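What follows is a set of notes on a single structure, which appears directly below.
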Amino acid sequence: MARKHEHGLGRISAAISAAPAAAVLADLSLSGALPLPGDVRFLVALLAAAPAVVVAVCLALLAQSWQRAWLGSAVVGAASVAVMVLS
């Protein structure tokens, strides 16, 4: 039996708001934690931002429920903030 692909409002709202924010936080924590000179870290942050946002939005839309989409974004965001605080 074929499975319907319906995107619920919760997953769409997570993909629009929470997933890009979590991706940007992850990108900032990655660039801040790298042991490289400042200009190289800035270049890495610029080059990784767009793919990170695209992957985060796709993963939020592919989540099985709106709870998982929001929880995944929250976990990535919290882990990124923790890395930024600790480094």
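Data table
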{"quantity": "By accessible area with a 1.4 Å probe, ligands and nucleic acids excluded, highest first: order of Leu62, Leu36, Leu25", "calculated": "Leu62, Leu36, Leu25"}
{"quantity": "Nitroxide proxy distance, nm - points 7 Å out along Cα→Cβ at Phe42 and Gln64", "calculated": "4.5"}
{"quantity": "Exposure ranking of Asp27, Asp39 by accessible area [1.4 Å probe, largest first]", "calculated": "Asp39, Asp27"}
{"quantity": "Angle in degrees between helix 38-62 and the longest Cα principal axis of the chain, rounded to the nearest 10", "calculated": "10"}
{"quantity": "Fraction of accessible area attributable to carbon and sulfur, region 4-51 (%, probe 1.4 Å)", "calculated": "75"}
{"quantity": "In degrees, nearest ten, helix 66-86 long axis to first principal axis of the chain (Cα)", "calculated": "10"}
{"quantity": "Accessible area in square angstrom per residue, the chain, 1.4 angstrom probe", "calculated": "68"}
{"quantity": "Rounded to 10°, Cα long-axis angle of helix 19-33 versus longest principal axis of the chain", "calculated": "20"}
{"quantity": "Shape parameters for the chain, alpha-carbon atoms, Rg then Dmax in Å", "calculated": "14.8, 55"}
{"quantity": "Computed magnitude of the charge dipole of the chain (debye, nearest 20; Cβ of K, R +1, Cβ of D, E -1)", "calculated": "320"}
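The values are calculated or read from the model by the stated rules, or taken from the named source; none is laboratory data. This is a predicted model, so every value here is computed, not measured. Every residue, glycine as well, gets a Cβ built from its backbone with ideal geometry; the counts of neighbours run over all protein chains shown. All accessible areas refer to the heavy atoms of the entire protein, side chains included, with ligands and DNA or RNA removed. Shrake-Rupley method; radii C 1.70, N 1.55, O 1.52, S 1.80 Å.
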